[in-house]
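Scroll down for the structure; my scribbles are underneath it.
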Amino acid sequence: MRGLQRLTFTRLYSACLIGVPSSKGQRRSGVEHGPEILRKHGIVKKLRKFNNVVDSGNIRVVEDIADDFEGNVKNPRTVGANNERIRDAVKESLKKYRPVISLGGDHSMAIGTISGSATFLGKAPVVIWVDAHADINPPELSPSGNLHGTPLSFLLKELDSSRIALPGFEWCDSQIAAKDIAFIGLRDVDPTELDIIKNHGIKAFDMNDIDRLGISRVLSECLDSTDPNGTRDIHLSFDVDALDPSLTPATGTPVRGGLFKEEGEFICSELARTGRLLAVDMVEVNPLLSDADGTTRTCEAAISLLQHCVGKRASPPFEREDKYVPEGSRTLN
């Protein structure tokens, strides 16, 4: 078992920040302010303590498209158009920078960021998805119709035969297979998502697994599954709601019983130490959903995670003592 292969972190590339002020993949306003609130909390200066960092500013998102419902699906034309721009920005940035860090914005932006990584590479990256939610509902089966709960379904090749055509996504091709994905931190998974995960054999760890196995073994098994030879580039997509809401209250869909900050930092640090961390998403920071203190704690947690993506070393993993009783459906069994 190859597990966690650690390399000395070297500064062969500068890291790059791209702001993605998009919010149309969900219903709550405020997440479009995520990039700027992270900047106000000093993200650039704090990341530069550990690596060279270039701030490329924000992608110019589309907001004025006439966008009706498409069945149950909300804002497909706007979300699709913005993700095409996100794909192009990530692809171009990867020609010069590693990792390319996309600051959200809601998690529907991962359609574009992962497409950008795959287009740049000419093949699928490993996708490590750290989130309370699986975000793999097919849009037409989404209970809410919010596209931030569907991004992986647009990208998964195994869903090609059943995927519906949505306006705005004419550019979008499936880019990854089930074997390329691993989930960490799940605790609120819809029945359709659970069926997809099980039927296609996607590697997935819920919070009970992390309680039982520890974060080091969980991450090692994710990499053994998706990258058994230890040679593939990695795209990390991290929703701040993966952490417990006591740590990141300024987010739209919090679920009790999440990761400790140290566990999130360990994931980021170990992936950076492989030398193959290509791109990172940090999504769903919403300053309108908490008070000033909660927003500051959320930003500080997100920035700390990203510091560990660009060279800061994590503390040794620890054994969990607290076994949370969450609000969501914690188990995948």
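The values are calculated or read from the model by the stated rules, or taken from the named source; none is laboratory data. Keep in mind the model is a prediction, meaning the values are calculated, not measured. Backbone-built Cβ (ideal geometry, glycine too); neighbour counts: all protein chains shown. Heavy atoms of the whole protein, side chains included, go into the accessibility calculation; ligands, DNA and RNA do not. Shrake-Rupley method; radii C 1.70, N 1.55, O 1.52, S 1.80 Å.
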**Item:** For Ala204, distant residues with modelled amide H under 5 Å away
**Value:** Phe183
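Suppose only helical runs count, i.e. DSSP H with n ≥ 4. What mean residue ellipticity at 222 nm does that imply for the chain under -39500 (n - 2.57) per run, divided by all residues and rounded to the nearest 500 deg cm²/dmol?
Taken over the chain, the calculation gives -9500 deg cm²/dmol.
Listed highest first by mean packing, meaning other Cβ atoms within 10 Å per residue, what order do 200-209, 307-316, 17-26, 40-49 come in? Intermediate results must be reported in sequence, preceding the final value.
On the way: 200-209: 20.8, 307-316: 18.7, 17-26: 26.5, 40-49: 16.0.
Per-residue Cβ counts within 10 Å, averaged per peptide and sorted highest first, yield 17-26, 200-209, 307-316, 40-49.
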**Asked** So which residue, out of Ile111, Ile196, Ile65, gets the largest mean-square fluctuation from a GNM of the chain using Cα contacts under 10 Å as springs?
**Response** Ile65
**Prompt:** Each label point is 7 Å from the Cα along the Cα-to-Cβ direction; what then is the distance between the points at Asp64 and Asp291, in nm?
**Reply:** 3.9 nm
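With all protein chains present and a 1.4 Å probe, how do Glu140, Glu170, Glu300 order by accessible area, largest first? List each step's numbers first, then the result.
Values: Glu140 70, Glu170 140, Glu300 95 Å².
Ranked list, largest accessible area first: Glu170, Glu300, Glu140.
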**Prompt:** Under a point spin-label approximation (7 Å from Cα along Cα-to-Cβ), what is the Asp224-Thr119 distance to one decimal in nm?
**Reply:** 3.6 nm
**Request:** Treat every Asp and Glu Cβ in the stretch 183-323 as -1 and every Lys and Arg Cβ as +1, leave all other atoms uncharged, and give the resulting dipole magnitude about the Cα centre to the nearest 20 debye.
**Result:** 440 debye
**Most fluctuating residue given options Gly252, Gly116, Gly57, as computed from a GNM of the chain linking Cα atoms under 10 Å** = Gly57
**Prompt:** Leu213 versus Ser14, label points 7 Å from Cα toward the beta carbon: distance in nm?
**Reply:** 3.9 nm
**Message:** Given a 10 angstrom Cα cut-off, can you work out which residue in Ala177, Ala132, Ala292 is the most mobile in a GNM of the chain?
**Reply:** Ala292
